[in-house]
1. Sort Asp352, Asp260 from largest to smallest accessible area, using a 1.4 Å probe on the heavy atoms of the protein chains.
2. Of Asp161, Asp120, Asp34, which has the largest mean-square fluctuation in a 10 Å C-alpha GNM of the chain?
3. Which whole-number percentage describes the relative contact order of the range 120-272, with Cα contacts under 8 Å and a sequence gap of 6 or more?
4. If the only charges are +1 at each Lys and Arg Cβ and -1 at each Asp and Glu Cβ, what is the size of the charge dipole of the chain around the Cα centre, to the nearest 20 debye?
5. For the chain, which whole-number percentage of the solvent-accessible area (1.4 Å probe, protein heavy atoms only) is attributable to carbon and sulfur atoms?
6. Over the chain, what relative contact order in percent results from Cα pairs under 8 Å that are six or more residues apart?
7. Whole number in Å², please: accessible area per residue of the chain, 1.4 Å probe, ligands, DNA and RNA not counted.
8. Once amide H atoms are placed 1.01 Å from N in the peptide plane, what residues at a sequence separation of 5 or more from Leu233, or on another chain, have their amide H within under 5 Å of its amide H?
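The values are calculated or read from the model by the stated rules, or taken from the named source; none is laboratory data. Note that this is a predicted model, so its numbers are computed, not measured. Cβ atoms come from the backbone with ideal geometry, glycine included; neighbour counts cover every protein chain shown. When the accessible area is computed, the model is the full protein with side chains, heavy atoms only, and any ligands, DNA or RNA have been set aside. Shrake-Rupley method; radii C 1.70, N 1.55, O 1.52, S 1.80 Å.
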Amino acid sequence: MAIKDIKEPSVSQWRKDFPILQSSVHGKPLVYFDNGASTQKPACTIKKLKEFDSQSYANIHRGVHELSASATEEYEEVRKQVQHLIHASSEKEIVFTRGTTESINLVAYSWGETNIKQGDEIIITLMEHHSNIVPWQMLCERKGAVLKALSVNEIGELDLDEFKSSITPRTKLLALTHISNTLGTINPVQKFIEIAKSNHITVLLDGAQAISHKEIDVQELDCDFYAFSAHKLFGPTGVGILYGKKSILDLMPPWHGGGDMIKNVSIEKTTYAETPSKFEAGTPNISGVIALGASIKYLNSFNIQLRMKQESDLLEYGTIRLKEIKGLKIYGESKHKICTFSFLVDGTHPYDIGVLLDKQGIAVRIGNHCTEPLMTHYNVPGTIRASLSFYNTKEEIDQFIKALDFSVNMLR
Ligand code: PLP
């Protein structure tokens with residue numbers, strides 16, 4: 001069935017589902033273009049958070065009482081929702097963490113400790129978020145391993161040939177962002193994974209940005225790990241997901257020790273729970289996970305193709321309109337990108353632009369976006385980043401361009 005034949009909500013209906021989009025900032029209607037940092041929550045997720053905390057809250061996994069049993073059931077149901085969302089083959093491959101950062105650190109410690117030896121090599125890229133750089137740097141320091149970073153070209157793309165030629169018999173891991181949070185580039189991860197697999201290299205994908213913009217199928221991708229955060233998927237903060245192939249997770253030692261990750265404890269020796277519990281020590285963000293379930297249910301209530309179509313329209317329109325501003329340079333002009341615009345305007349400082357846009361109700365992010373090596377590569381201190389989502393509109397882009405034009409003229 002063609003997209004136009006599917007009776008599903010339009011952007012004006014979507015906007016009504018997100019209460020914050022009806023609010024004002026500095027007396028101006030909010031234009032929320034900071035989705036790369038955190039997406040907003042639909043009313044059903046906010047309702048679920050409130051309802052669960054006020055009527056159904058109890059700690060999970062260890063109670064015999066009704067509230068605990070039903071909270072456990074709801075919590076574990078979300079694990080299955082996440083499994084289906086990313087097409088994992090089993091819910092046991094879904095580990096709940098506090099966020100993408102923690103998911104990557106989990107792999108760097110647990111997998112890294114057992115699989116990386118002195119002289120081994122880990123490949124990352126210059127466009128990685130600090131969360132996908134620092135844990136590997138720390139691992140390399142602990143182990144005496146080598147960290148290599150693939151370069152990024154002028155329009156914000158990686159080079160597969162550079163990857164091929166960087167591989168040596170000592171290369172053990174490729175840690176790559178699926179979509180760049182600064183440039184918006186959608187990396188050809190499938191091709192990277194094919195090359196990695198034929199060289200027996202383990203692959204971790206940082207899916208923090210991709211999870212809200214693309215349909216993810218970890219089995220089709222054949223990545224070994226996939227990490228993302230609920231707060232970038234229209235869900236709450238403090239919840240993250242680590243997908244890992246069960247065969248790999250099973251061989252990894254636990255990371256944090258404590259309650260919930262054990263089978264039996266004696267003073268002499270502890271035996272550990274099965275995957276994924278062995279990676280989930282302590283009381284997790286129960287309400288957050290359960291509310292994430294509401295966000296996923298909301299996203300499943302309409303076709304993802306509609307969201308993607310809206311986003312590609314915004315990308316096309318935003319690119320045209322931004323180029324009308326004299327002296328504006330966009331960082332990240334790959335043909336394969338999401339509707340994230342990083343830019344600088346000649347003769348102005350990004351901070352000043354950010355502040356002036358805010359006064360006009362427009363929320364953008366300025367700075368290095370936790371991608372300092374990328375900023376160094378482009379020889380800029382930072383950029384202005386407008387990151388849009390499916391609930392944004394062309395009218396908002398018009399407001400943004402008007403406010404940007406006004407700010408630039410004022411500063412020049
Ligand atoms: N990776 C990418 C690509 C991101 O965009 C972010 C957050 O902006 C992260 C990792 C870190 O996510 P979190 O702060 O939720 O752990």
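1. Values: Asp352 65, Asp260 40 Å².
Largest accessible area first, the residues go Asp352, Asp260.
2. Comparing Asp161, Asp120, Asp34 in a Gaussian network model of the chain, the most mobile one is Asp161.
3. Details: 222 pairs, mean separation 24.2, N = 153.
Answer for the range 120-272 is 16 percent.
4. On the way: 45 positive and 49 negative charges, 90 e Å.
The calculation lands at about 440 debye.
5. Working: 9420 of 17910 Å².
Carbon and sulfur together cover 53 percent of it.
6. Numbers: 762 pairs, mean separation 94.3, N = 412.
Taking the mean separation of contacting Cα pairs over the length of the chain, I get 23 percent.
7. Accessible area per residue, the chain: 43 Å².
8. The answer is Thr39.
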